[in-house]
Amino acid sequence: MQEMAAKLHERVGKATDQVMGRIQKEEVDLYSRFTYLRKPDRLNPSTYTSRDDVQQWRQSLQQFKAKADTVDKLYANADLDLGNALIQQRINQAVAEQIKKVLLESFPWEIIKKKNQLINEFVSDFGDLLTFYDKNWGTWKPGSAASAPAFDDPQVAASYQSLKEKVSVVGTQIEDQYKAMTR
């Protein structure tokens, strides 16, 4: 009986590693891309050397969005993927269903949903900031503070500050969701 339990445990481990391991790997990649986009230099147009830089960061943002979509799909398919992985490990269907149910209930679904929603907001806001950089190219000078450019037009300065704050606030909220996921 102990041998059967040990084999079942091993098979469940293999199945969960296959599915949850992939989700975890993709989440780590997504978070890495996110932190790269959140570097303070990205929020300072003075660090961009040309409009080509803006376009390259727009491509990076699209790659981040594609990775976020991949992670979102992995979570959406976790039920099916986990069920299939358990069956592939030759675990009885009824037992597999119970194991899958318990495992899926362990996911912090509300946090995952909120994080995904915030990532979409971040992509939109960061895209707006990059569009601002492109449309207002050359209207700023390096400011007295290393991270703050100076604008001659107060309206343009206010628009920049608003966009920068939106990106920063949403970025902090995403960080909070990641922290909550790891508790």
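Results, tabulated for the structure shown:
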| quantity | calculated |
| --- | --- |
| Criterion violated by V95 - all others in (1) exposed (fewer than 14 other Cβ atoms within 10 Å of the Cβ); (2) within 22 Å of K39 (Cα to Cα); (3) β-branched (V, I, T) satisfied | (2) |
| Selection status of D41, assigned to a helix (DSSP H, G or I) and out of contact with any Ser or Thr (no Cβ under 9 Å at 6 or more places or on another chain) | no |
| Selection status of K25, of a type in the set (D, E, K, R), closer than 24 Å to K179 by Cβ, in a helix (DSSP H, G or I) and out of contact with any helix residue (DSSP H, G or I) (no Cβ under 9 Å at 6 or more places or on another chain) | yes |
| Of all residues in the stretch 114-145 being touching a residue at least 12 places away in the same chain (Cβ under 8 Å) and of a type in the set (G, A, S), the one that is nearest to S46 (Cα to Cα) | G143 |
| Residue in the stretch 69-80 that is under 12 Å from T16 (Cα atoms), at pLDDT 95 or above and surrounded by 18 or more Cβ atoms within 10 Å (Cβ to Cβ) present | yes |
| Breaking point among (1) in a helix (DSSP H, G or I); (2) at pLDDT below 95; (3) over 21 Å from the mean Cα position of the chain (by Cα); (4) loosely packed, with under 15 Cβ neighbours inside 10 Å, for T49 | (1) |
| Criterion: acidic (D, E), at negative phi and surrounded by 13 or more Cβ atoms within 10 Å (Cβ to Cβ) - qualifying residue of D128, D153 | D128 |
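The values are calculated or read from the model by the stated rules, or taken from the named source; none is laboratory data. These figures come from a predicted structure and were not determined experimentally. Counting neighbours? That spans all protein chains shown, and the Cβs are built from the backbone with ideal geometry, glycine included.
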